[in-house]
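The values are calculated or read from the model by the stated rules, or taken from the named source; none is laboratory data. Because the structure is predicted, anything quoted here is derived from the model rather than measured. Cβ atoms come from the backbone with ideal geometry, glycine included; neighbour counts cover every protein chain shown. The accessibility values were calculated without ligands, DNA or RNA, using every heavy atom of the protein model including side chains. Shrake-Rupley method; radii C 1.70, N 1.55, O 1.52, S 1.80 Å.
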Amino acid sequence: LPQVLSLGADVLPEYKLQAPRIHRWTILHYSPFKAVWDWLILLLVIYTAIFTPYSAAFLLSDSEEAQRHHCGYSCSPLNVVDLIVDIMFIIDILINFRTTYVNSNEEVVSHPAKIAIHYFKGWFLIDMVAAIPFDLLIFGSGSEETTTLIGLLKTARLLRLVRVARKLDRYSEYGAAVLFLLMCTFALIAHWLACIWYAIGNVEGQRTGWLHALGQQIGKPLNSSDPRRGPSIKDKYVTALYFTFSSLTSVGFGNVSPNTNSEKIFSICVMLIGSLMYASIFGNVSAIIQRLYSGTARYHTQMLRVREFIRFHQIPNPLRQRLEEYFQHAWSYTNGIDMNAVLKGFPECLQADICLHLNRSLLQNCAPFRGATKGCLRALAMKFKTTHAPPGDTLVHAGDVLTALYFISRGSIEILRGDVVVAILGKNDTFGEPLHLHARPGKSRADVRALTYCDLHKILREDLLEVLDMYPEFSDRFWGTLEITFNLRDPNMIPGSPGSDELDGGFSRLRRRKLSFRRRPEKGGGRGARDPRG
């Protein structure tokens with residue numbers, strides 16, 4: 001009873017403590033099993049789209065029927081494969097009855113009854129017609145009319161291509177994938193039309209159609225009394241495919257031509273389809289290829305702007321070479337993508353996750369950042385900037401104000417005083433100044449120049465101090481483990497050198513600002529952290 005009457009935060013309604021209930025045999029639409037199953041069904045649909053028209057047009061002959069009635073399905077491996085495809089399609093229907101979906105409110109629906117109703121209203125009819133095993137209906141019937149009818153009904157499996165087309169729409173943003181899919185679509189339509197072209201020639205007879213002309217050309221004339229004589233199935237299919245490709249592309253040579261009215265009408269339809277395909281498929285090839293080389297075009301455009309800038313402002317030759325070399329190196333590293341502009345389009349929480357991923361190598365391998373909380377690392381990652389430098393580029397000049405701390409992630413740099421190299425730094429080295437010892441930024445006592453192509457992570461002085469002020473428990477550990485490989489600060493070039501009153505006062509103000517995050521004002525007591533000097 002006391003627990004029930006308690007208003008503590010740990011007492012929640014029962015429905016909030018229960019995990020969402022999903023039926024035991026329900027399959028999540030984003031599960032790995034469903035993804036693998038969808039790819040398997042896609043392969044079976046592609047097989048169906050290729051072999052079903054071919055089988056219906058070329059393989060359903062009287063001799064084959066007699067052979068199959070004599071020894072069953074073992075004589076034709078394609079019939080066994082078709083039976084397996086039918087079984088897989090039936091299993092796919094059962095799986096779709098148990099697969100979750102996302103409704104119009106962007107909610108995942110897992111209730112079996114709602115899933116079934118949604119499937120019935122959607123793709124059930126198409127999937128059911130495509131899964132009917134028409135081959136089983138053939139077995140035991142010997143009439144030619146039944147064989148032709150069943151062959152036509154088997155083409156109902158092609159209805160599943162509608163679902164495949166909707167799933168392939170997700171790849172429309174990839175130019176190479178779109179070009180490949182368009183070429184495959186063109187070849188598949190030519191394959192279907194070749195099957196229809198052969199079926200028309202086979203129905204027209206053996207003396208007037210294109211099959212008769214083919215037999216005369218290759219020296220294998222057709223013989224009505226002996227169906228085994230004449231062109232082979234390979235000869236017929238290759239010739240039919242050759243005719244449809246040449247007609248679709250409008251480059252026919254006339255060596256395979258229509259003779260009867262039915263063949264001529266079909267040829268006219270093929271030409272119309274070819275013109276539409278030119279407009280819808282090949283008309284987009286130039287745009288797709290242009291999209292493939294859009295990165296190269298952007299590079300040349302930006303490079304042209306850099307050169308126009310150099311020419312307009314009459315930049316001297318050494319500086320011009322540095323500008324062009326830096327631009328080429330930066331482009332090869334970033335591919336012309338402005339990361340800051342990209343990140344601005346996302347919420348801050350997602351920006352922090354992206355920055356944490358981009359700076360993961362530094363934050364994981366650098367000793368000062370070990371032991372920091374996830375929130376502290378996210379805040380630090382948001383402040384880091386990546387700098388790229390080609391060989392010979394000067395990162396810091398002598399006398400420059402030290403406004404940042406640098407961490408080398410790739411390449412090597414040299415520290416010069418005049419013309420003398422005093423140090424060479426490499427990967428995982430740090431240079432700058434110890435910010436926690438000085439209240440004011442100092443000035444550099446040496447030049448910093450890249451020896452190789454370098455990638456550096458830098459964080460501004462104000463940004464680093466701001467983050468450490470927000471996480472005071474991490475601040476002392478960070479300053480205690482931070483090892484600056486080379487201290488660039490020159491105490492003789494600034495008025496606030498170590499030991500001066502100005503520096504001590506500034507450092508005290510810095511310590512007071514840090515301690516203000518660690519101690520809260522006591523009730524009726526002190527006002528905050530005491531002055532360290534007191």
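Carbon and sulfur: what percent of region 75-119's accessible surface (1.4 Å probe)?
69
If we count every other residue with Cβ under 12 angstrom of Ile91's Cβ, Lys/Arg +1 and Asp/Glu -1, where does the sum land?
Combined, the nearby Lys, Arg, Asp and Glu give -2.
So for Leu248, Leu437, Leu28, Leu460, what's the accessible-area order with a 1.4 Å probe, most first?
Output order, biggest surface exposure first: Leu437, Leu460, Leu28, Leu248.
Mind listing the long-range amide H neighbours of Val396? Cut-off is under 5 Å, sequence gap 5 or more, other chains count too, H placed in the peptide plane at 1.01 Å from N.
Val448
Rounded to the nearest 10 Å², what accessible area does Tyr333 show when all protein chains are kept and the probe is 1.4 Å?
120
Show the residues, 5+ positions off or on another chain, whose built amide H is closer than 5 Å to the amide H of Ile27.
Thr99, Thr100
Rounded to the nearest 0.05, what FRET efficiency do Lys427 and Gln217 have when you use their Cβ-Cβ distance and R0 = 56 Å?
Once the sixth-power term is evaluated, E becomes 0.20.
Hey, what did region 174-333 get for relative contact order, percent, Cα under 8 Å, at least 6 apart?
23
What nm distance separates the two modelled labels at Asn255 and Asn284, each placed 7 Å from Cα along Cα→Cβ?
It is 3.4 nm.
Could you please state how large a percent of the accessible area of region 322-441 is carbon and sulfur, counting protein chains only and using a 1.4 Å probe?
54
Which sequence of Lys264, Lys374 reflects their accessible areas, 1.4 Å probe, from the largest down?
Descending accessible area places them as Lys374, Lys264.
Suppose each label sits 7 Å from its Cα in the direction of the beta carbon; what would the Glu414-Asn492 distance come out to in nanometres?
The modelled label-to-label distance comes out at 2.3 nm.
Determine the order of Met88, Met271, Met382 by accessible area, beginning with the largest, at a probe radius of 1.4 Å.
Largest accessible area first, the list is Met271, Met382, Met88.
Keeping every protein chain present and rolling a 1.4 Å probe, give me the accessible area per residue for region 366-490 in Å².
42
Could you calculate the contour length gain from Lys234 to Trp39, that is, 0.36 nm times the residue separation minus the distance between their Cα atoms, to one decimal place in nm?
Once the chain is fully extended between Lys234 and Trp39, it gains 67.1 nm.
Distance cut-off 23 Å, Cα to Cα: go down the list Lys34/Lys374; Lys374/Lys458; Lys167/Lys344; Lys34/Lys167; Lys344/Lys443 and report the pairs above it.
The answer is Lys34/Lys374; Lys167/Lys344; Lys344/Lys443.
Under the 0.36 nm per residue contour assumption, what length would be gained going from the current alpha-carbon distance of His313 and Tyr333 to full extension?
Full extension of this stretch gives 4.5 nm more.
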